[in-house]
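Below is one structure, written out as structure tokens; comments come after it.
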Amino acid sequence: MPDETTGVAPDGEIRLPGGVTEAALRQAVAACRSWRGVLRQLGLSAPRSGRALRGVCDALSISYEHFSGNQWGRVPDDLLADAVARSTSWDEVVRRLGYAYGNGSARASLRKAALTLGLDVGHLSGLAAREGRGPFDGSGEDGNLRHAAAFIVAAKCALLGHGISWPLEPQPYDLLVHTTQQGLLRVQVKSGTHLAHGSWVVWITRQRTAANLGGKRRAYTSGDIDYFGVVDAEQQVYMLPIALVEGQQSVTLRKYEEYRIAC
């Protein structure tokens, strides 16, 4: 039998708790920022399951250095500001500061630090925009994000291996996500381009209408949706459980970094 505190049997055999597969564990660790987030995504709750998963990660060399409490060494503010100003993409910032190309954990940490400092990161969009008047030239505009947000969330979920459905009739949710971990989930999509105190801020209420409680904004409830799929101006996607933010008018995304989809 495997040790419940390590997930590894005396003979070296690795057994994951709760029927979790190695692929699902790797996906959850990459997508989350804490062991609590991993347990939540895998549908587990017992603390010993977290200890077992950590042991399995150690045995399989699955890195969890990006989790809370395992942060990257803090980059001096002046070096970070210089790297951001001289770069055209986040990958370039990562390379200039000495991290490996494509290191998602370092990218997330540096991005958070840059936003906290209030640095201008709008130019870090990847490839430079082509000059011209063709239909696919330009770099995109923030005002179009609300039209693209649902497709961005759907694409991220599809990359994680989930099925996507769109409601045929108006519903409180914008799309349905078919998951193996939690079944069918109702997702309301929100987007925001407002930067305040180094973090993107997004409204998560219903739109005002004349027939809607005197035109006041209403909060969504667990009877309406299961998750908010929130897209910021950098096209980063956060999947926020309704139970986490129910009743709130807006969210400050810096507080919810562990819920950001990593892919």
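Looking only at segment 175-190, filter to residues that are touching a helix residue (DSSP H, G or I) at 6+ places or on another chain (Cβ under 8 Å) and at pLDDT below 95; which one of those is surrounded by the fewest Cβ atoms within 10 Å (Cβ to Cβ)?
Among those residues, the one meeting the criterion is Thr180.
Being of a type in the set (Ser, Thr, Tyr), at pLDDT below 90, closer than 22 Å to Pro170 by Cβ and in contact with a helix residue (DSSP H, G or I) (Cβ under 9 Å, 6 or more places away or on another chain) is the requirement here; does Thr209 meet it?
So Thr209 fits the description; yes.
Identify, from the list Ala233, Ala243, Ala219, Ala262, the residue that is at pLDDT 90 or above and either of a type in the set (Asp, Glu) or surrounded by 14 or more Cβ atoms within 10 Å (Cβ to Cβ) (or both).
Ala219
Please give the number of the condition Trp166 fails out of (1) under 30 Å from Leu44 (Cβ atoms); (2) touching a helix residue (DSSP H, G or I) at 6+ places or on another chain (Cβ under 9 Å).
Only one criterion in (1) under 30 Å from Leu44 (Cβ atoms); (2) touching a helix residue (DSSP H, G or I) at 6+ places or on another chain (Cβ under 9 Å) is unmet by Trp166, namely (1).
Take the residues of segment 149-174 that are among the aliphatic types (A, V, I, L, M) and over 17 Å from the mean Cα position of the chain (by Cα): which is surrounded by the fewest Cβ atoms within 10 Å (Cβ to Cβ)?
Going through the qualifying residues, I end up with Leu168.
Which residue pairs have Cβ atoms under 7 Å apart, sit 6 or more places apart or on different chains, and have a first residue in segment 228-253 that is in the same structural domain as Gly192 (by TED's automatic domain parsing) and a second that is of a type in the set (Lys, Arg) and surrounded by fewer than 16 Cβ atoms within 10 Å (Cβ to Cβ)?
Here the result reads Gln249/Arg217, each pair linking segment 228-253 to a residue that is of a type in the set (Lys, Arg) and surrounded by fewer than 16 Cβ atoms within 10 Å (Cβ to Cβ).
For the condition more than 21 Å from Ser34 (Cβ to Cβ), in contact (Cβ under 8 Å) with a residue 40 or more places away in the chain and not aromatic (Phe, Trp, Tyr), what is the one hit in Arg206, Arg186?
Arg186
Name the residues in segment 224-263 that are out of contact with any strand residue (DSSP E or B) (no Cβ under 7 Å at 6 or more places or on another chain), part of a loop (DSSP other than H, G, I, E, B) and among the aliphatic types (A, V, I, L, M), would you?
Ala262
Output the helices (runs of 4 or more DSSP H) that fall wholly within segment 85-173 and possess 2 or more residues being at pLDDT below 80 and of a type in the set (D, E, K, R), or say none.
Correct list: 90-96, 104-117.
The values are calculated or read from the model by the stated rules, or taken from the named source; none is laboratory data. Everything quoted here is computed from the prediction, not taken from an experiment. Note that each Cβ is placed from the backbone with ideal geometry, even for glycine, and that neighbours are counted across all protein chains shown.
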